[in-house]
Each structure stands twice: as C-alpha cells, then as structure tokens.
Amino acid sequence: MCGIAGTIYSSDYQQGIWVNTDDLFVLLDQIGNGSAPSSRLLDMAWKYKSNVNFIRYCKSAPEREKIKLLCDKIFTYSEKRKTELPLIDKSSSLDLYKAQVKEWECLVDAHWFFSNELDKTRYVIESLAELPSTDISDASLVLFRDITKIIHAIDNRLELRGRDSFGLSITLSSSHFNSEKIDGYHAETNREEVFYSQGKEAGTYSFVFKACNSIGGLGDNANEIKELIKGNELFLSLAKGGQVSSATIMGHTRWASVGEVSFGNTHPIGLIDSSVNEDASHVLSCLNGDIYNYKEIIADAKNTQVLSTDESICTSDCLAASAFLLGKKDVSIDTISQMAVDFIGSFAIAIQHSDTPEKLFLVKKGIQGLYLGFSYDGVLFASDVYGLVETCRYFVPVESDVALELSTSNLVSALDPQVSILNLQTDIFKNVTTDDLKITNITTRDIDKRGYTHFLEKEIYETKDIVERTLNSYLQPEKCVDQNSLHSAFNITPSQIPPFIIEKFKNREIKKVVITGMGTCYTAAVAISMYMRDALKAIIPDILVEPHVASEGSAFYVEPDMQDTLVIVIAQSGTTVDTNVYVQMAKERGACSLAIANKREGDVTFIVDGTSYIGEGRDIEVAVPSTKTYTAQVALGYIVSAYLACNIAETESDKQRLLQDIKSLRCLVGL
C-alpha cells in the first residue's frame, strides 16, 4: 500500500473566511449558558484555519495570547461536560446521552484545533524557514504552510499504510529564474534532486526530497525530509525571497510492492525530456497502486526516447508513468487520460510537468483510494481521508476511470469547489459542487498519541471505553425493549442495516452469510461467525454462516449468482484491496453487503449497502497489533447478529433466548 497527497499554491492566495477572535469568546459564553450549541464553535474553529486568520495568528503575539485564553476556557467547559455525561439518565432513552456526547466532542475538537494544530504548523514553518514567522512575508508564509500540509498528510497519517520511503516534490514557477544559481547548486546524492526548465516568461524549478529506510518509526522519514528542505539554500532563497508565483506540491509514502526499498524507487520519479523543447522539460510522477504492464510501457518509451534515470536504479512500476509522457507535446488532461487506456492495473497517479508548472494532474483507474479535500482557502488531494483531516473539513471521493487537474489559474475552495472531473467512460466533464461535499467526522485528534509513549499503549487503555460507547450506540436501555417487538432493543438505522436486507431474511431469500476480512479483521470474523451461526440457525436451520479470508474469497468463493448471499466485511481503515475487491465482486453478482468498520469514509464504506461503526466511527487503530478495534468489532458483530435474529424470531423460546443474549451484551464492559 502507498499513500499520496498534494496541493497547489499561488502567490495570489485565497484569504478564506475572517474570524473575529472576540466573537469566539462571546459564542463560548453562549455555549456555557446553553443558548448556543457547541457545533457552532467547531464550525468557527474550522473557519479560523483560513489563511487570513493563520497569518494573523503567526504575526501577532496578542492574538496568540487571546487564543491561549480561549483554549483554557474551552477546556474548562469540556471537562465540566465530561463529568456530567455519566450522570445522564439513559434508562428511558439514549437520545439525550448521544446528543450530549456530540456536544462534548465538538468542544474537545475545537480545543484540539486551537491548542495543538495552529502552533504545530507554525513551529514547522519557522523551523523550515529558520526565521520567526513575524519575519516571513505573508505569501511565503502561505507557501511554507502548504508544504507543511503535505508533510503532515504523510507524517503519522498516510504512512500508517506503509513507511518504507517518503518523497516530496515541489515545483516552483518563478520569473526570477537564475541558471547561475542552479549551476552552483550541488544536491546531496540520491536524497535530493533538482530539475529545471527555462520558459519564455518564467522558469520552473522542481525540488525533490527523499527519505527511505526499511526499518524505522513513524515520523522518521518526515523528519529527514524537513532537514533536507532546511539544508537546501537554493530552495530557501526562492521560497523566502518572495520569488515564487505558483507552486505544486505532492508527497508519497511507500510500502514497497514493486522494486526494492531505495532512493531510486522512492516516488516521485523524475525524468528529463529533451525531445520536445530546446530547453529540456521534466516530468515527475507518484503512483498508488499497481501498473501490471509497466515493463511494456517503459520498453515502448525507450523505442523513441532516452530515459534519464537508469532502469537498474529505478525498478518501480511508477517509472512507467513518467516514461509514458516523454515526447508528448502540450501536456494536458487528454494526455494524462490516455494513461487509463494504455495502463493495465488499479492505480491513482499524480503528475507534475514543467511545461504546465501551475497544474497538478490526477488520473484514477480501479479501486485505489483518492479523495479531494476542500478547506475554506484551498484544495488538497489524498489517497485517504486521513491525509486531509488537518486542513479540510469537506471532501469528495473520486470515482474510478476519471482524470482531473488542479490549477493555480483556477483556485477553488469549499466556498467554490468547481473542480472539473473528466469521466473517461463517457468523455464528459462534471464540476464538483457544494452539494457534492461530504463533511469529515474525524480530526487529527483521532490519530494522535495524545501523550502516550506508543500507540499500542494508548489503544489498550482505550478498549473499555470504546466497547462501552459501542454498546451505548446500538443497544437501547432495558426499559425501552418491547418483548413483542425485539428489534426495539436496538438503535440501528437504515444506513447501517438497510430494511431490504431484513426483508430478504424474513422471506428466507438469504441462504448464506459470509463474514470476511484480512488479518485480525478475519480473526474477528471467525469469532462473530460462531455466535451468528448459532443465533440464525436456531431460526433458519439450513442457513450457512462462514468466515472467509478475503484474499481467498475473490479467488475461490465467488459464484456467478450470489443473490442469496449476504457478505459482511470486517474492516479497520477500509482500504484493504483484497477485502474491497471481494465485496465488490460479490455485489456485482447480486450479493447484499454490510460492513463493520472503525473509521468513517474508508473506501469500503462507499462499496457496501450499509456500515455500522464501532464507537462513533472515530476510533482509529494505528498500532500493528489490534487491541481495542478487535474487541469492539467482535462486540458489534454480536449486536448485528442478535439484531438480524431478533427481526426474524417467531417462537417464544427464540425470543426469550435472544432477550437473554441482549442482557449479556450489556454486561460486556464489566467482564
């Protein structure tokens, strides 16, 4: 698995939405007396991330002091709300309890934004520029901030899916092009590259920074990248000197699947193209996924072009993406779209080209994750919502077989998200609108160690809490249960288990239930299947309930007609390709599908018919050993099993047995 992220920068940057800090104190007082919801404060916190406010925060010590006082006040309010939660009477209804939990979460998220994210970004910018933020121009501050966004998107986020290497490329367009500066620049071997092209009105510099190591910890590669940037005098002279009119930035983290772990295989992969213009152009590419026919693509390119990178140095299939563009004139979205036609595989590719330095091109084919994120002052892309949540409140999943470009000549934001996406099947462009935007329900708070030494330690201590919140989310208090209508014992919505699936069970149209996953998700599937088998077979004796390893399922357990099958996916990130391929193949053959997941907006949630989340869908597990997630997944799997059985139970003995099971589930936390 790999991760990609990127954004665009313009010296004529978008301001975003101005937030008056005094208004935040007024609003907080209203929240304290109950006349305003905490969600309004969270909304203002997201808006405060706009460039106009961030610049003010960096440049003004009094502003930072105000925000510190605000954080103290928010913390006091949130702690008060937290102590009140256990005192809420849940015996008659869960609605008040769940509403108050949401109010508390909004306060905690707002506090996290103001107390953690602002200074974390400011400190990184000051470290990279080796200047206090007060001495950095506004435009340069925004440029460094955009670079920091992509570093943070990879660091401890997208690299959770693989951290063998981290590469960052920054393509700058500048009218202050100086070939003498470049001639005097000496890059550190392998870890840095500089490409440049002289245009008619401006020059283009592309700086590539790379870190790789098979063994290491989360964050190690990002720290190396930051040190490389700090040591690059040529880059810093441009970035700090106000000499950059536009820039594109993209980052890549890799779990090696094709090619060894090496600097040569660290994306972005760059090639020089001297066949089109007198002044050599250059192309850089990042790949998430696999290009199966990459050797043929590279061989075809070598028939007419000379590769500036030796194949013995770069053995990654990503080389095919850069090689494909050699010799191409007028690189455009049409040129990029041809990749989806000629390349066989499942992939998302990001492209920078010196002939169009103001643009980032993206093409997607297959099931690899790709999302556009929108903030109030810009746009990002990432292979997972993890990579967007620090910056973007809104996002759009990018479908398969599409191509698009992000351009500094068409600056977009959540206020006007008009990115034009080309459907490669219909050859029709569709603009993203505000109606397409989804709101993310997770923040960087959900994927932070929060003071623990290791993620594993943190997650072990969170197990009891997540199981309790899962039970509170799905099981109604005992007083609410009508013994003549057992499904009233559950708080399950149509988006979690659609009514048509229940009807198929009632009509005995479901003959087989397959519970699937990979790794510990499969282990959870085995545990869930044992209870579900007992619960359902007592009512439908001939029903089959089987756990399948997802990678085996797509090879051995897919039937031509699966209309009598329910596939239940157990997932964590929701991006595991083997699992997603299996459930997609089953759906195409008529199967119903559900998911039990721990993270909202995972790829699998856009495939299945309904998704139930452990906790509130924000309980992300980072450590390799699964602790809290496994326990909560099994608990939720038992709840789903009991819910299905309760909807089809007819005899009194079945109902009494299920009532006892539900009572036992409520006691899980005390075990």
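The values are calculated or read from the model by the stated rules, or taken from the named source; none is laboratory data. What you see is a predicted model, and the numbers here were worked out from it, not measured in a lab. Note: ideal-geometry Cβ built from the backbone for every residue, glycine included; neighbour counts use all protein chains shown. The accessibility values were calculated without ligands, DNA or RNA, using every heavy atom of the protein model including side chains. Shrake-Rupley method; radii C 1.70, N 1.55, O 1.52, S 1.80 Å.
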When every residue in the stretch 500-520 that is part of a helix (DSSP H, G or I) and within 15 Å of SER593 (Cβ to Cβ) is compared, the one most open to solvent (accessible area, probe 1.4 Å) is PHE500
The lone condition SER92 fails out of (1) modelled with pLDDT of 95 or more; (2) not in a helix (DSSP H, G or I) is (1)
If we ask which residues in the stretch 619-634 are modelled with pLDDT under 75 and in contact with a strand residue (DSSP E or B) (Cβ under 7 Å, 6 or more places away or on another chain), their number turns out to be 0
Filtering the stretch 330-355 down to residues that are surrounded by fewer than 22 Cβ atoms within 10 Å (Cβ to Cβ), closer than 20 Å to THR248 by Cα and in contact (Cβ under 8 Å) with a residue 24 or more places away in the chain yields ASP330, VAL331, SER332, ILE333, SER337, ASP355
LYS438 being at pLDDT below 90, open to solvent by 20 Å² or more (accessible area, probe 1.4 Å), over 27 Å from PHE343 (Cβ atoms) and of a type outside the set (Asp, Glu): no
Note: among ILE151, ILE74, ILE147, just one is buried (at least 22 other Cβ atoms within 10 Å of the Cβ), touching a His at 6+ places or on another chain (Cβ under 9 Å) and at pLDDT 95 or above, namely ILE74
Taking the stretch 609-618 and the residues there that are surrounded by fewer than 24 Cβ atoms within 10 Å (Cβ to Cβ) and part of a loop (DSSP other than H, G, I, E, B), the one that is modelled with the highest pLDDT would be ASP609
| Within the stretch 564-583, is there a residue that is open to solvent by 10 Å² or more (accessible area, probe 1.4 Å), part of a loop (DSSP other than H, G, I, E, B), modelled with pLDDT of 90 or more and among the acidic types (Asp, Glu)? | yes
So, first residue more than 15 Å from GLN572 (Cβ to Cβ) in the stretch 517-531, second residue open to solvent by 50 Å² or more (accessible area, probe 1.4 Å) and not in a helix (DSSP H, G or I), Cβ within less than 9 Å, six or more apart or across chains; the pairs are SER529/GLU546
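Within the stretch 565-584, can you find the residues that are out of contact with any helix residue (DSSP H, G or I) (no Cβ under 6 Å at 6 or more places or on another chain) and among the hydrophobic types (A, V, I, L, M, F, W, C)? Let's see the steps before the verdict.
To start, the set of residues in the stretch 565-584 that are out of contact with any helix residue (DSSP H, G or I) (no Cβ under 6 Å at 6 or more places or on another chain) comprises 565-566, 568, 573, 576-577, 583-584.
Residues satisfying the conditions are LEU566, ILE568, VAL577, VAL583.
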Here the qualifying pairs (Cβ atoms under 8 Å; residues six or more apart or on different chains; first in the stretch 99-112 and at pLDDT 95 or above; second open to solvent by 40 Å² or more (accessible area, probe 1.4 Å) and of a type in the set (Phe, Trp, Tyr)) come out as LEU107/TYR77; HIS111/PHE75
Criterion first (under 30 Å from VAL108 (Cβ atoms), open to solvent by 40 Å² or more (accessible area, probe 1.4 Å), in contact with a helix residue (DSSP H, G or I) (Cβ under 8 Å, 6 or more places away or on another chain) and in a helix (DSSP H, G or I)) does ILE466 satisfy it?
no
Output for Cβ contacts, cut-off 8 Å, separation at least six or different chains, first residue within 19 Å of ASN265 (Cβ to Cβ) in the stretch 294-309, second open to solvent by 40 Å² or more (accessible area, probe 1.4 Å) and of a type in the set (A, V, I, L, M, F, W, C), reads SER308/ILE272
For the stretch 85-119, the count of residues that are open to solvent by less than 50 Å² (accessible area, probe 1.4 Å) and charged (D, E, K, R) equals 5
Flagged pairs (Cβ under 8 angstrom, 6 or more apart or on separate chains; first in the stretch 635-658, part of a loop (DSSP other than H, G, I, E, B); second surrounded by fewer than 24 Cβ atoms within 10 Å (Cβ to Cβ) and not aliphatic (A, V, I, L, M)) are ALA649/LYS655
In the stretch 473-490, residues that are at pLDDT 85 or above and open to solvent by 30 Å² or more (accessible area, probe 1.4 Å) total 0
By residue number, the members of the stretch 219-262 that are under 15 Å from GLU193 (Cα atoms), in contact with a Cys (Cβ under 7 Å, 6 or more places away or on another chain) and open to solvent by 10 Å² or more (accessible area, probe 1.4 Å) are SER262
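So, in the stretch 1-49, exactly how many residues are outside any loop (DSSP other than H, G, I, E, B) and within 27 Å of the chain's Cα centre (by Cα)?
So the first thing to find is which residues in the stretch 1-49 are outside any loop (DSSP other than H, G, I, E, B), and the list is 2-10, 21-32, 38-48.
Filter once more, so that each one left must be within 27 Å of the chain's Cα centre (by Cα): 2-10, 38-48.
The total comes to 20.
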Residue hits (the stretch 57-67; without any contact (Cβ under 8 Å) to a residue 40 or more places away in the chain and either part of a loop (DSSP other than H, G, I, E, B) or surrounded by 18 or more Cβ atoms within 10 Å (Cβ to Cβ) (or both)) are SER60
Only one of (1) open to solvent by less than 10 Å² (accessible area, probe 1.4 Å); (2) at pLDDT 95 or above; (3) small (Gly, Ala, Ser) does not apply to SER137, and that is (1)
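Take the residues in the stretch 259-293 that are among the small types (Gly, Ala, Ser) and modelled with pLDDT under 85; name whichever of them is nearest to ALA348 (Cα to Cα).
Looking only at the stretch 259-293, we keep the residues that are among the small types (Gly, Ala, Ser), and these are 259, 262, 264, 270, 274-275, 280-281, 285, 289.
Checking which are modelled with pLDDT under 85 leaves us with 259, 274-275, 280.
Details: GLY259: 18, SER274: 26, SER275: 27, ALA280: 27 Å.
Result: GLY259.
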